[in-house]
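Report on the following structure.
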Amino acid sequence: MPELPEVETVRRGLQAVLEGARIARVEARRPDLRFPFPEKFSERLTGKTITALGRRAKYLTMYLAGGPVLICHLGMSGSFRIEMSDDSEMPDNSEMLGAFYHERSKNAVHDHVVFHVVSPKGVRSRVTFNDPRRFGFMLFSEGAPDTHPMLAGLGVEPTGNALDGGLLASLLKGRKSPLKAALLDQRLIAGLGNIYVSEALWRASLSPLRESGTIAKPGKKARQQSDALAEAIRAVIADAIAAGGSSLRDYVQTDGSLGYFQHSFAVYDREGEPCSKHGCGGHIERVVQSGRSTFYCRTCQM
DNA sequence: ATTGGCGCCTGAAAGC
DNA sequence: TGCTTTCAGGCGCCAA
């Protein structure tokens, strides 16, 4: 599931091909994804030069010279695929060609948007957005994307130094909701999803069931806990971005896919397995909070 | 103001 | 074995 680290990995992959490139043509193969495509979607992109690729939380931003900013969200199942026009993936073995085309047409059902681009050196590429579940979307922002209604209310990025124990405590102070729900709330911290919330809480030895406000009370103990949680969130995100970056290099060379990558997780989807925290001896449990799975170890997470 | 729950959508996996 | 049901989850929206 694309959370912040996966989106950042996709951004880096796209940046290599798209930054400085000119959009020659855009195909939108259906009228909508999660939302209808904006008015004159293809027309407004065609002919524009892409100046930069950015990211805010789980949103990708594509900056166009003299034009709007394209905001993209991958939803649950969105991915980008990059293909050079020479199509080096095509097998030269004729026996494999049938299977190749069969597989390609099967996957192409969910190819919803195709960007045809030309690099400054004249190299042509296709960048295809594929999204089986269509929870993704693309919108234009006329001004700075941070002011777009969709992004304006987002909380602090868990990258960099902004999120420390003090800020986290101020965000959680007085909240009755469980920590799991608070960390999923994009208005507080922007970019965490179901997987990394479980991972961060496990690293910080804090229970996802615990009332958020209790780690923001006055006193040394609560302060240590909010410090630990802020540090765990930043570390889990930084580690995942690093892992995505290393898998990205290999992945792009083989088939151009820029989706998300299966990292190894300490607790996520590990129900029943022993807790890997040194000396713990507990086991990972799955509980459901607000209809979503949470994985944690009740022995070491308090 | 906060918080919890639903629905969107498809494919994989589990259940009968 | 083959059909049906459940589950996965980001996020806007609604309701309490």
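Some points to look at:
- Failed condition for A:K180, given (1) farther than 15 Å from A:F295 by Cβ; (2) more than 9 Å from DNA strand C (Cβ to nearest atom): (1)
- If you go through segment A:179-196 and keep only what is of a type in the set (G, A, S) and either on the phi < 0 side of the Ramachandran plot or without any contact (Cβ under 8 Å) to a residue 12 or more places away in the chain (or both), you end up with A:A181, A:A182, A:A190, A:G193.
- Residue match in segment A:198-221 (condition: free of Cβ contacts under 8 Å to residues at least 12 places away in the same chain, open to solvent by 60 Å² or more (accessible area, probe 1.4 Å), of a type outside the set (G, A, S) and assigned to a helix (DSSP H, G or I)): yes
- The set of residues in segment A:117-176 being hydroxyl-bearing (S, T, Y), within 16 Å of DNA strand C (Cβ to nearest atom) and open to solvent by 10 Å² or more (accessible area, probe 1.4 Å) consists of A:T147, A:T159.
Per-residue answers, yes or no, for (1) assigned to a loop (DSSP other than H, G, I, E, B); (2) in contact (Cβ under 8 Å) with a residue 40 or more places away in the chain; (3) at positive phi:
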position: A:V113; (1), (2), (3): no, yes, no
position: A:K121; (1), (2), (3): yes, no, no
position: A:S125; (1), (2), (3): no, yes, no
position: A:P158; (1), (2), (3): yes, yes, no
position: A:N161; (1), (2), (3): yes, no, no
position: A:G166; (1), (2), (3): no, yes, no
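The values are calculated or read from the model by the stated rules, or taken from the named source; none is laboratory data. Owing to the predicted nature of the structure, the values given are computational and were not obtained by experimental measurement. All Cβ positions, even for glycine, are placed from backbone atoms using ideal geometry, and neighbour counts span all protein chains on display. All accessible areas refer to the heavy atoms of the entire protein, side chains included, with ligands and DNA or RNA removed. Shrake-Rupley method; radii C 1.70, N 1.55, O 1.52, S 1.80 Å.
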